[in-house]
Amino acid sequence: MSTEHFLEVQGLKKHFEAGRPALFSRDVQKVHAVDGVGFTLRRSEVIALVGESGCGKSTLALLLMGLEDPTAGTIKFEGQDITHLNDHERKDLRRKIQMVFQDPYESLNPTQTIEEIVTEPLVVHGFANVPDRRERVVKAMEDAGLKPAEVYMSRYPHELSGGQRQRVVIAAALVLEPEIILADEPVSMLDVSIRAEVINLLAELRITRQIAVIFITHDLGSVGFFADRVAVMYLGRIVEIGTMLEVLENPQHPYTKALISVIPVPNPRLRHERIILKGETPNPINVPSGCRFHPRCPVAIESCKASDPPMVTLSKTHQSACLLLVK
Amino acid sequence: MQTTLQNTSPNKTASQLFNFWESFKKSGTGVVGLYMIIVILILAIFAPLIAPYDESSTANVGISDIYQPPSAQHWFGTDDAGQDVFSNFVYGARVSLTVGFFAAFISLIIGGSFGLIAGFFGGRWETSLMRFTDIMLVIPDLPLTVVIVALTKPSLFNIILVIGLLGWTTTARVVRSQTLAVKSRKFILRARAIGASKPHIVINHILPLVMPILVVQGVLVISLAILNESTLSFIGLGDPSVLSWGQMLNYAFGRGALSSGAWWALLVPGLGIVWIVLGLTLLGQGLEQVLNPRTDTHHLMPSRLPLSKEALVKPLHQNTLFEVQNLSIHYVGEGKAPAHAVEDVSFTLKEGELMGLVGESGCGKTTLMLALLRLLPSAGQIVNGKVFFKGKDLTSLSEEELNEIRWRGISIVFQGAMNALNPVRTVGDQITEAVMKHEPKFPKENIPARVTQLLELVGITADQRDHFPHQYSGGMRQRAMIAMALACNPDVIIADEPTTALDVMIQAQILELLDNLRKKLGLAVIFVTHDLGIVAELCDKVLVMYGGVTAEYADVDTIYNNPKHPYTQELLKAFPDLTKPKKKLSSIPGYPPRLDALPAGCRFAPRCPAAFERCHTEQPALHSIGNNNHIASCHLVEASK
Ligand SMILES: Nc1ncnc2c1ncn2[C@@H]1O[C@H](COP(=O)(O)OP(=O)(O)OP(=O)(O)O)[C@@H](O)[C@H]1O
Ligand code: SF4
Ligand code: SF4
Ligand SMILES: [Mg+2]
């Protein structure tokens, strides 16, 4: 199987209905949460999806997990179209794609012990009675850095620190030996001193277990050192995608440039001019005409209001959607 | 497919029960209720042993036995049929409990499953089930019960059935709302992502969290069922073949107990009903406290009397606006070791200066800030230290004097307050209220203009002023909070984690705002955060706290380019630096100390890569380094001097 086609997303859209603008109005308003997203993921690759809140990152994650049904577009996994599988057909797939959620304080059931939490995926997938069930659980926990596993097994979530809880979530994902981990803001709720431990863990797993990671975050700074590629999202679309170095050192889209400029640099001697955008991501009900970034774009030109910029290829790996790049 | 997790060991259940009992014991009324119910249970179970006479024994009863007053033979006298009231009372407990338990069982099964199904599946299920529930809820229970029982044969079985079938509505509603609440929690989404089936999710994730509510509800439903049965029997619709307490009342009432002055025949069954209903209600309350504890809110109560009245101590530094000297704060709780939340912290602040206060969650940042204005919750006590503001010691001012300084001299943007705006009032109204409350002398007619001006200062336009909080984004809500804090033109603003939950771009906007405000208004700002990057962008000086103590305190350049405390150094290494991408981050293993069980030596010793023997036994003092107000609490610093 070609490694290029491990996970392939094309023209993915999700429009939620948002009620009617007026009581008797005919047309239903739509939230364009995800509005034409495409990218591919290679085996054991780490891709960072970066964007502000409301840009559709979390909806995209739910679509990839099959927890929401897309309005349009396709998702292929290992060449097979998985866009509209039902729960039953998806079962085997669920084993291969696992998710890590933002809030480790909320994503664990407070009434279960750590052992029950990490064992649960095995039970769900019918491996409850395999002879090596306990070994699998221990291995997953130790791979997730909960060493020695015995110390943690009989504890409850509230007896662990934030970093340890996130490790439990990761262990519960690892126990099924997945091929992709989708991590939605996995460290933004954690203290800086333990953020690194979770990021380092994910970085290790891709090497030891060949797991590909989709890392969703609003903070480009937090994935700087371990993502291979970055996709920057704005209002439901990818506006720039490229390798980490291309995007960090040679950003082409005005939005990417602004995002990079506001990442805090931990050195007062390097204080620099920041491009602080005015306002916030507009409501995805009324997507602006033309380039959807034009109302906030500091370098917009007249034509930006009318024409939607196409994806411009800048190098084999680097693409961006801005009219200024169209030659 | 089997769905339960089988490794719920008996140990887990046993220890849960034990914990449950430990906390239940603390609720006095609950325990009283429990004992009251146990008494009735004993009566019911051992009725043949306890009752001196057989159930409804009419043997050897003559006309003279009717309505005998209490005596040694008949403790509670006799009734209209000459039977022993005490014996009938004891057997009556059986009837009441039977009706209560079985009717409640029916109600709970129906209400519980309706609530669960409606809450979990939503959609059409929910609409139809809840509409049905609503209809049942508006029909008054008791009259309907009366009608149905009157129309059917009044047997105990029918009574149980009717009470049970009509009494489930509140249970359905309570269970539904709890199910909805649990369903929206993240771990349910995680279970779905794992691939768990719906029955699995209901059994393993929803039920355990709905169960406590169901138990509490169950106790209340039992008492309601008992009460309903008594009412039915009292009005003559009971099962004539059994003698319940209601039945006893009915007979006594209908057969002249009142006119014969036989109060005992009424009082005993009446008290029995009151006793059991009261017992169940108390038990229900006790259970509710344990199973459904409301979270202890962070009450902003002024702390107790100032430590010392003598105003002998003077600020050490001249020309400072704000000076904190050796401040220590403990949280004390009954039967708990005091938590040393803040120990010996000092700093100064000049006009227009911006200080960053950095540290991990729980290191005492909020505690320190609340203590400056004596706004600690009642458990928090300033045990040592002084806080000077414009030369006055805030720790020794009276409450009224301090109120002059709160908001006008120093104001706080509380942590998380942007999520606590009143959802049903417009933001403009809430700011108006803040101005009126804290500046009562402000001319009324100028208030609207003032509110507009405040909002403008923080970048909110006049047309957004009458919007409700939910129409605001997180960033705008935080701006509104800052506007409120500016209401009385303070000299100092304390912003407790104002950017923590916000996106980087919005963070940058808020930082820019605070920076502009201090330039425009000459404000001094204390910026509390756990993010070292933000501090570097913005602040003049930095106080790094660890586990309640000052780790290091210096100007911003020194902190980042010449840090002396190992904690500061490690924290900087853990921070991703995009100027050096592809560098592996180092983390600090372990986690911060518990403040009620501190290590003997340096609080950072268990995690410190540079720790040596002395660190584990002796607390490092604060040492100053060089002569530009750089201090750090570390033995290494002392050694290198
Ligand atoms: N009312 C209270 N009673 C007892 N202990 C308390 C109380 N409030 C806070 N504490 C404890 O005091 C310590 C310091 O808490 P504080 O809220 O000041 O930390 P913080 O640095 O502001 O943390 P965060 O970054 O999470 O806001 C913590 O260990 C906390 O558990
Ligand atoms: S197309 Fe125009 S508005 Fe859009 S990003 Fe480029 S310059 Fe800005
Ligand atoms: S005193 Fe010792 S343990 Fe504490 S910070 Fe210094 S070297 Fe580390
Ligand atoms: Mg705090």
* **Selection count, region B:341-368, where residues are more than 9 Å from ligand 1 (Cβ to nearest atom) and away from every other protein chain (no Cβ under 14 Å)** => 11
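Answer yes or no as to whether residue B:336 is surrounded by 21 or more Cβ atoms within 10 Å (Cβ to Cβ) and either within 16 Å of ligand 2 (Cβ to nearest atom) or of a type in the set (Lys, Arg) (or both).
No; evaluated as a whole, the condition is false for this residue.
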* Structure fact -> Note on residue B:410: of the conditions (1) over 20 Å from residue B:510 (Cβ atoms); (2) modelled with pLDDT of 85 or more; (3) of a type outside the set (Lys, Arg), unmet is (1)
* Asked: Could we say that residue B:135 is more than 14 Å from chain A (Cβ to nearest Cβ), surrounded by fewer than 19 Cβ atoms within 10 Å (Cβ to Cβ) and touching a residue at least 12 places away in the same chain (Cβ under 8 Å) here?
  -> no
* **Odd one out for residue B:281, checked against (1) open to solvent by 60 Å² or more (accessible area, probe 1.4 Å); (2) of a type in the set (S, T, N, Q); (3) modelled with pLDDT of 50 or more** => (1)
* Members of region B:244-257 that are under 44 Å from the mean Cα position of the chain (by Cα) and either assigned to a loop (DSSP other than H, G, I, E, B) or surrounded by fewer than 17 Cβ atoms within 10 Å (Cβ to Cβ) (or both) -> B:244
* Take residue B:426 and decide whether it is over 13 Å from residue B:487 (Cβ atoms) and at pLDDT 85 or above. => yes
* To do: Report the residue count in region A:50-75 for those that are in contact with a Ser or Thr (Cβ under 8 Å, 6 or more places away or on another chain) and more than 13 Å from chain B (Cβ to nearest Cβ).
  => 4
* residue B:226: away from chain A (no Cβ under 14 Å) and either among the β-branched types (Val, Ile, Thr) or touching a Phe, Trp or Tyr at 6+ places or on another chain (Cβ under 9 Å) (or both), yes or no? -> yes
* Inside region B:608-641, can you point out the residues that are at pLDDT 90 or above and part of a helix (DSSP H, G or I)? -> B:613, B:614, B:615, B:616, B:617, B:635, B:636
* Structure fact -> Those strands (runs of 3 or more DSSP E) completely within region A:181-270 that have 2 or more residues that are over 14 Å from the mean Cα position of the chain (by Cα) are A:237-243
* To do: Please list, ordered by first then second residue, the pairs with beta carbon atoms under 8 Å, 6 or more apart or interchain, first in region B:392-415 and free of Cβ contacts under 8 Å to residues at least 60 places away in the same chain and open to solvent by less than 10 Å² (accessible area, probe 1.4 Å), second more than 16 Å from ligand 1 (Cβ to nearest atom) and assigned to a helix (DSSP H, G or I).
  => B:394/B:402; B:394/B:405
* Structure fact -> Filter region A:54-81 for residues that are surrounded by 19 or more Cβ atoms within 10 Å (Cβ to Cβ) and of a type in the set (A, V, I, L, M); the one that is farthest from residue B:189 (Cα to Cα) is A:75
* Long-range neighbours under 7 Å by Cβ, at least six apart or interchain, first residue open to solvent by less than 70 Å² (accessible area, probe 1.4 Å) within region B:618-641, second part of a helix (DSSP H, G or I) and more than 16 Å from ligand 2 (Cβ to nearest atom) -> B:620/B:635; B:623/B:637; B:623/B:638; B:625/B:637; B:630/B:558; B:634/B:566; B:635/B:614; B:635/B:615
* Asked: For region A:115-152, which residues satisfy the criterion of being over 25 Å from the mean Cα position of the chain (by Cα), open to solvent by less than 10 Å² (accessible area, probe 1.4 Å) and more than 10 Å from chain B (Cβ to nearest Cβ)?
  -> A:149
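Quick grid of which residues meet (1) within 15 Å of residue B:95 (Cβ to Cβ); (2) surrounded by 22 or more Cβ atoms within 10 Å (Cβ to Cβ); (3) small (Gly, Ala, Ser); (4) not assigned by TED's automatic domain parsing to the domain that holds residue B:71:
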site	(1), (2), (3), (4)
B:227	yes, no, no, no
B:236	no, no, yes, no
B:242	yes, no, no, no
B:259	no, no, yes, no
B:271	no, no, no, no
* Find the residue count for region A:98-128, including only residues that are farther than 14 Å from residue B:188 by Cα and in a loop (DSSP other than H, G, I, E, B). => 5
* To do: Could you tell me which of the residues B:176, B:192 is more than 30 Å from residue B:267 (Cα to Cα) and modelled with pLDDT under 85?
  => B:192
* **Counted residues, region A:268-299 - those being small (Gly, Ala, Ser) and either open to solvent by 40 Å² or more (accessible area, probe 1.4 Å) or within 13 Å of chain B (Cβ to nearest Cβ) (or both)** => 2
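Just checking, which of B:610, B:605, B:554 is more than 8 Å from ligand 3 (Cβ to nearest atom) and either more than 14 Å from chain A (Cβ to nearest Cβ) or open to solvent by less than 20 Å² (accessible area, probe 1.4 Å) (or both)?
B:554
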* Asked: How many residues are open to solvent by 60 Å² or more (accessible area, probe 1.4 Å) and within 9 Å of chain A (Cβ to nearest Cβ) if we restrict to region B:175-197?
  -> 3
* **Hits in region A:86-111 - residues which are open to solvent by less than 40 Å² (accessible area, probe 1.4 Å) and more than 8 Å from chain B (Cβ to nearest Cβ)** => A:93, A:96, A:97, A:100, A:104
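The values are calculated or read from the model by the stated rules, or taken from the named source; none is laboratory data. This is a predicted model, so every value here is computed, not measured. Cβ: placed from backbone, ideal geometry, glycine included. Neighbour counts: every protein chain shown. The protein model used for the area step is the full one, side chains on, heavy atoms only, and it has no ligands, DNA or RNA in it. Shrake-Rupley method; radii C 1.70, N 1.55, O 1.52, S 1.80 Å.
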